[in-house]
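Down below is the structure, laid out as structure tokens.
We did not get these values from a lab; they are worked out from the coordinates using the rules stated. Just so you know, these numbers come straight off a predicted model, no measurement behind them. Virtual Cβ from ideal backbone geometry, glycine too; neighbours counted across all protein chains shown.
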Amino acid sequence: MKRCAGCVTFFAIGAALPSRPLSGRLHIQVANDAKAKGWNIGLVYIGLGNAEIAIARIRERTMAGGHHVPAADVRRRFERSLQNLAAIYSFANLVLLFDNSSTRNKMRKIFESRRGDVVFSAARLPGWARRSLGAIIGSGQSKP
């Protein structure tokens, strides 16, 4: 990831919970370094209501032949991912949040900010989004 930030005009980092979530320091470091070099940083974050939803989905995936991730790892990464969401939000040019908690309904867009200005916020934000970004998205105010 570090190498490609210096040699191309566009790149994306996949960080999907639970196997490669936005829970590591490397994602923040790469994004911060790219921002310092003049890159625009966009974040598309797809959240779940809680780690137990992710664990259940991993169980289904494992039964279908996919790889397993221990529940303790999922729980740890889930919380760290929410913390890192707030960290990247502080310097991202574009932030799109989607909630994928429901098994009955399609994933839904819940929040968007561009260059620090909140341009869309669902009337009812899920708890994970409120917990991660707190007052920023709850009040509809811009980033400092």
Within 10 Å, count the other beta carbons around each residue, average over each peptide in 106-116, 45-55, and list them highest first. 45-55, 106-116
Packing rank of 76-87, 93-104, where each peptide gets the mean count of other beta carbons within 10 Å, highest leading: 76-87, 93-104
Obtain the nm distance between the two label points defined at residue 63 and residue 80 by a simple spin-label model: each point lies 7 Å from its Cα along the Cα-to-C-beta direction. 2.9 nm
First check a/c for region 52-119, with a ≥ b ≥ c the square roots of the eigenvalues of its C-alpha gyration tensor; if it is under 1.5, answer rounded, and if not, answer prolate when a/b is larger than b/c or oblate otherwise. oblate
For residue 120, what residues show an amide H to amide H distance below 5 Å, using hydrogens built from the backbone and excluding near sequence neighbours? 112
Sum up the charges of everything whose Cβ sits under 9 Å from the Cβ of residue 99, counting Lys and Arg as +1 and Asp and Glu as -1, but leave residue 99 out. +2
